[in-house]
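**Q** After the structure tokens below, expect a handful of questions from me.
Computed from the coordinates by the stated procedures, all read-outs in this text should not be read as laboratory data. Note that the structure is a prediction, hence the values are computed from the model and not measured. Here Cβ is always computed from backbone atoms with ideal geometry, including for glycine, and neighbour counts include all displayed protein chains.
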Amino acid sequence: MKNIVRIAGLSILLLNALNTYAQEKYTVSGYVKDIANGEGLIGVSVYVREASTGVVTNPYGFYSITLPEGDYSLVFTYIGYQKLTERVTLNADQRRNVEMASESKQLEEVVISTKKEDENVRSLEMSVNKVDIKTIRQIPALLGEVDVIRSIQLLPGVTTVGEGASGFNVRGGDVSQNLILLDEAPVYNSSHLFGFFSVFNPDAVKDVKLIKGGIPAQYGGRISSILDVRMKEGNTKKREINGGIGTIFSRLTYEQPFAAGRGSFIVAARRSYIDVLAKPFLKGDLKQTRFNFYDLTAKVNYRINDKNTVYASGYFGRDVFGADVFGFGWGNGTATARWNHIFSNKLFLNLTTYYSNYDYSINSDPNNQTPNDRFEWNSKIISTSVKPDFTYYLTPNNQISFGGQYISYDSRPGDAVAVSSGESRNISLDSRFGDESALYIGNEQKISDRFSLQYGLRYSLYRNLGPGQVYQYQELQPGERKFPVLPGTAVAKGEVIKQYGNWEPRFSMNIGLSSTASIKASYNRTAQYLHLLSNTAATSPLDVWTLSTNIIKPEIADQVALGWFQNFRDNTYEASVEVYYKDLKNQIDYVRNSDLLLNRYVEGDLLFGKGRAFGAEFFLRKNKGRLTGWLSYTLARTERLIDGVNNDDWFPARFDKPHNFTAVGIYNLKERLTLSSTFTFASGTPATFPTNRFEYNGWALPHNVYNARNNNRIPSYNRLDLAATLKSRKKLFGLGQGEWVFSVYNAYNRRNPYSVYVQQNEDNPLTTEAIRFSVIGSVIPAVTYNFKF
Amino acid sequence: MKKSTLHILLGLLTAAYSLTSCEDAINIKTETGPTELVVDGWITNKPGPQTVRLTLSAAYFDNSPARPALGAEVTVIDDKGTVYAFTDANGKGIYTWAPKSDTVALGRVGGKYALQIRYDGEEYAATNEIKRVPKIDSLAYEEESFPINPPEGPKDGYLAQFYARDFVGLNDTYWIRPLKGGKPYGTDPGNISLVYDASFSPGSPSDGLVFIQPLRQSINVNQLFSAGDTVGVELHSITLESYYFLFQVRQETTNGGIFAVPPANIPTNISNKNANGKKALGFFGASAVSRAETVIDPKKARPKE
């Protein structure tokens, strides 16, 4: 706690000092919005010609610039939008809200990234990828379902264990080390149907940003990356209906303004309908089969006055599987409320509170037909948080951000009851509690036209709280199960079981080489107090998010990155090369017969160690013209060193892929027709194969005499996808617009291995063989129809 | 409840992938390690001969029969000092101890046993014990129909289950071995059915209960029984070490697909007396056995629930 007080004092001091010296100037500030639908525009460049300086709009579309008294031209630029120049006579602080119009329709559709043209070179951000939702929509999608997470996997530094695996891996981090934010609320499980589809409804998404390095101080809680997904606010100009009928989902989105455009809302829903289509064909017991997934996204915003805007948004998604004697469901729910307040022209506050929940439930007999023999099991994690974030636009050359966050965790890893022959046992695990507090302060400082810095410090404090039973564990042999020292210690409610504090420095800098080239460098330390216990190749919906305890220490990552950024041909092309090195501490692995579910002594089944990841990422992107897209190549290594595994030597992580190449092309052939294609090549993932076999009880069993982990690699992966989007010539019912999307996934029908494993032949357990397992083993064509009113 | 529930769940999840996924056998090259002695021995309290089979390990994809380990000296000594000599009369690596009368058993509940092997200049040893086993209270069956024609067994048949109750007291572990027509069936390693107290695994207290339903029904291995079939079960009491050995055998032989865990070696309880000597593989197990059998009689079947 002392540290928090110290950092708070420091921030106040700093602010006061800066305040006094910034007086005889005036500030112009305001919101930048899209004229068509009133959506706030994120990252618009606001350039002051006379002062040769500028800023960019924040995630709410807000900007603020402080200048000496005088006449100025503010130039607003944003790719895909018409340049806008506003004259201001600055003799007092003033508000200037502007609305920008998109360029001709045709160009709008080929925009690859909505941002300032040369931001790539000029900004302090490095290791950041933004993909516009319009681009995501045009990338060929599996079964025609536009997917944010799958698109992310085409970016440099991002890999996946394989098709159908949930989530994504960033620069050597595992799936659970990404902070996935939906309107600032963390999403614990980003997938429907395991990993086939992500939970984000593309019709409701406005902006997607992936931060792989140089993570600013306001973000914390996960060590590898931040995926910041912002939802649309809803059209403030007119009613809008979007929808689509796809192979998997049907979608419908409704947007409407109210209070004369001061407010608007959006409601978006999706549901899979395989079960609906299958129902007539099912007989008998199978008639009861349930198999569907759906999500509902909603958001409302209201501008109370010039200084106050409030937003509320929510997400609810669920996957449901079941038959008459078995039920299984899981899903996320999030709710976010935000208040944007402009204290003065220079001080902007966003106050966020959120609630986020992930849960699953299993019931052996949902209809309760055989109460004598039954099993029921629920697991849940709930986090609630309050998070004030201030931005202080001190001078055009200093933009200070500061704030904090408090998160309370309530984890119920397993509430379960088992009934056998009429006797019932409660086999629930204790709930676990904890909280996480953080304070941060950072400054973005332009030292000269060619040199800028961003530096910040975050202090996070985690407490594992009672009530609960706390155990120490006895290690008999490294790499093997540890046994609890019983009976353990009972800790009372609210008492601190264990506390961890971490200073997390963040730093990045930009050295301009010319107006079109720069070198950037960054360092960041991040800490993570919440861990997903998962020993399977792909994470499963049953995996439990577990709080740090006296045994499970926070995961810590340090990353340094260095990059060269260059734009060519009037910013038509942007190129970058980045190298990074990441050091990971307190990484989690598992004993060989680990039992991670409904195990009160689960900590005894965990192994700990460290990780390292390094690589080089090459990226070339074409932003303008009829053909847009990118090429990305990543050369990388990800390794782990775990006590008692692989003879205590480094081994490649399960998702280590040394070579990773992707090509994305979007070609605007005609006004109505867009073609697109993606190609992916990646090294095979590591695998562990036995060296020998031995016979026991008529079985041929595998054995690796060297006791190695990931000593082999499966064949490489490559895939081509194609898509065509054709806009209907005729207006839909005389009003709306329709489009057909045709897509082909895995166009040349390659059987890409997800894994290769060995087994005994099913018919003869004394014959051994190697099996190639492909999640997608054929061409998958799909047609989707989208409409808009 | 977990391991098997988990298997069912993950199986279900995996089934969802089956629309697009496929599996095929391919050739891969793997490194081969040095050959080691393999011990395949399991003694029980059943009267009659007991065997310990000794072979040598081979390259993983070498599908020729395992080479026997010949010329070994194999003995079992119990906690009363009795020495049982196992001999390889036929020179096939199958070392057998046979009692003078077929009603005499080697094993006894509560007995502790040490296996000693001299082979190729090395001395190996392993120990195990025979734990208490509950009696099987009854075998019952009910009519059951699959919605579609199953690959094995009848579409309309009988689902059997046996009733037994775990002893009061934590950490009793058992191995359920299904019988059909008086013989073990469904012996694939993937079908190994293990019991921890009355449930699947430690960590969740199920002590003293009647074995939970999925365990009671685990004697139906992927198929239903027909009228007139003899259905049965052997319940083996096993030590915790044996439980984890069999657990790992099952895991390593069914470890494919999207939810595979990192492969790991199957543990062994065979150790070389010389810590720097050659290692051995395999396991020396011991168990007491309860057995029950019944003939499926449609008249006695419980009505379908």
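**Q** Below 12 angstrom from the Cβ of B:Lys300, what's the summed charge of the other residues (Lys, Arg +1; Asp, Glu -1)? Please report the intermediate quantities before stating the final value.
**A** Details: positive: B:Lys299, B:Arg302; negative: B:Glu142, B:Glu143, B:Asp297.
That sum, taken over residues with Cβ under 12 Å, equals -1.
**Q** Okay, moving on. Pull up all non-local amide H partners of A:Glu39: gap of 5 or more, or a different chain, and H-to-H distance under 5 Å with H placed in the peptide plane.
**A** Here A:Asp34, A:Thr236 satisfy the definition.
**Q** Any idea what the alpha-carbon Rg over 2.2 N^0.38 Å comes to for the stretch A:162-283? Kindly include the intermediate steps, with their values, before the conclusion.
**A** Values: Rg = 17.7 Å, N = 122, 2.2 N^0.38 = 13.7 Å.
Working it through for the stretch A:162-283, the quotient is 1.29.
**Q** Can you give the relative contact order of chain A as a percent, counting alpha carbon pairs under 8 Å and 6+ residues apart? Provide the component values of the computation, followed by the final result.
**A** Working: 2265 pairs, mean separation 84.2, N = 789.
Across chain A, relative contact order equals 11 percent.
**Q** Continuing with this model, one more query. With N set to the number of residues, divide the alpha-carbon radius of gyration of the stretch B:104-226 by 2.2 N^0.38 Å and report two decimals.
**A** Working: Rg = 18.2 Å, N = 123, 2.2 N^0.38 = 13.7 Å.
Taking N as the residue count of the stretch B:104-226, the ratio is 1.33.
**Q** Here's another thing I want to ask about it. On a 0 to 90 degree scale, rounded to 10, what angle separates helix A:2-20 from the longest Cα axis of chain A?
**A** So the helix axis and the longest Cα principal axis differ by about 10 degrees.
**Q** Helix B:2-17 sits at what angle to the longest principal axis of chain B, using alpha carbons and giving 0 to 90 degrees rounded to 10?
**A** It works out to around 70 degrees.
**Q** Compute the projected area of the convex hull of the Cα atoms of the stretch B:65-151, averaged over all viewing directions, and report it in nm² to one decimal place. Intermediate values should be presented prior to the final figure.
**A** Numbers: hull surface 44.4 nm².
Value for the stretch B:65-151: 11.1 nm².
**Q** On average over all directions, what projected area in square nanometres does the protein assembly as shown have, based on the convex hull of its Cα atoms? Don't skip to the answer; put the middle values down first.
**A** Working: hull surface 181.0 nm².
Average projection, Cα convex hull of the protein assembly as shown: 45.2 nm².
**Q** Greater than 18 Å separation of Cα atoms is the criterion. Which listed pairs, B:Lys100/B:Lys183; A:Lys387/A:Lys553; A:Lys83/A:Lys624, meet it?
**A** On the way: B:Lys100/B:Lys183 25 Å; A:Lys387/A:Lys553 24 Å; A:Lys83/A:Lys624 16 Å.
Over 18 Å Cα-Cα: B:Lys100/B:Lys183; A:Lys387/A:Lys553.
**Q** Could I ask something else about it? Spelling out what I want: for every residue of the stretch A:491-507, take phi, set θ = phi - 60°, compute 6.51 cos²θ - 1.76 cosθ + 1.60 (Karplus), and round to whole Hz; glycine and proline get x.
**A** In residue order, the calculated couplings are 10, 6, 4, x, 6, 7, 7, 7, 10, 10, x, 9, 7, 10, x, 10, 8 Hz.
**Q** Follow-up question, since we're still on this one. Please find the FRET efficiency linking B:Cys22 to A:Leu766, where r is the Cβ-Cβ separation and R0 is fixed at 22 Å, and quote it to the nearest 0.05. Write down the numbers at each step before the final one.
**A** On the way: r = 25 Å, r/R0 = 1.14.
Efficiency, from the Cβ-Cβ distance: 0.30.
**Q** Roughly how large, in nm² to one decimal, is the mean projection of the convex hull of the alpha-carbon atoms in the stretch B:185-274?
**A** Seen from a random direction, the Cα hull of the stretch B:185-274 projects 8.7 nm² on average.
**Q** What pairs from A:Lys380/A:Lys610; A:Lys232/A:Lys788; B:Lys46/B:Lys299; A:Lys134/A:Lys238 go past 25 Å between their alpha carbons? Don't jump to the answer; show the numbers that get you there.
**A** Values: A:Lys380/A:Lys610 28 Å; A:Lys232/A:Lys788 15 Å; B:Lys46/B:Lys299 33 Å; A:Lys134/A:Lys238 20 Å.
As for pairs spanning more than 25 Å Cα to Cα, those are A:Lys380/A:Lys610; B:Lys46/B:Lys299.
**Q** At a threshold of 8 angstrom on Cα-Cα distance, excluding pairs fewer than six apart, so keeping six or more, what relative contact order does chain B reach in percent? Show your work: numbers first, answer last.
**A** On the way: 672 pairs, mean separation 65.1, N = 305.
About 21 percent, as a whole number.
**Q** Compute the separation of the alpha-carbon centres of the stretch B:125-159 and the stretch A:389-424 and state it in Å as a whole number.
**A** 46 Å
**Q** Oh, and also: What does the highest-first list of A:64-72, B:260-268, A:124-132 look like by mean Cβ count within 10 Å? The partial results should precede the final answer.
**A** Values: A:64-72: 17.4, B:260-268: 20.6, A:124-132: 22.4.
So the peptides A:64-72, B:260-268, A:124-132, ranked by packing, come out A:124-132, B:260-268, A:64-72.
**Q** Right, something else. If you take each beta carbon of peptide A:766-772 and count the beta carbons of other chains within 10 angstrom, what is the mean?
**A** Values: counts 4, 2, 6, 7, 9, 7, 8.
Across the residues of A:766-772, the mean count of other-chain Cβ atoms within 10 Å is 6.
**Q** Another question, if that's okay. Go through A:635-648, A:150-163 and give me the packing order, highest mean Cβ count within 10 Å leading.
**A** Numbers: A:635-648: 18.6, A:150-163: 23.6.
The packing order, highest mean first, is A:150-163, A:635-648.
**Q** Round to the nearest 0.05 the FRET efficiency obtained for A:Val276 and A:Glu475 when R0 = 51 Å and r is the Cβ-Cβ distance.
**A** On the way: r = 53 Å, r/R0 = 1.05.
After rounding, the FRET efficiency stands at 0.45.
**Q** For chain B, what is the largest minus smallest coordinate of the Cα atoms on each principal axis, given in angstrom and ordered from greatest to least?
**A** Principal-axis extents of the Cα atoms in chain B, largest first: 61, 50, 39 Å.
**Q** Averaged over peptide B:208-216, how many Cβ atoms belonging to another chain are found within 10 Å of each residue's Cβ? Could the numbers behind the result be given before it?
**A** On the way: counts 2, 8, 6, 2, 10, 11, 4, 1, 3.
Per residue, the number of nearby Cβ atoms from other chains is 5 on average.
**Q** Okay, next question. Taking the beta-carbon count within 10 Å as an exposure proxy, list B:Glu31, A:Glu671 from fewest neighbours to most.
**A** Working: B:Glu31 16, A:Glu671 11.
Ascending Cβ contact count within 10 Å gives the list A:Glu671, B:Glu31.
**Q** Oh, and also: For peptide A:754-761, how many partner chain Cβ atoms fall within 10 Å of a residue's Cβ, on average? Could you put the intermediate results ahead of the total?
**A** Working: counts 7, 6, 3, 8, 9, 9, 6, 2.
Across A:754-761, the average partner-chain Cβ count within 10 Å equals 6.
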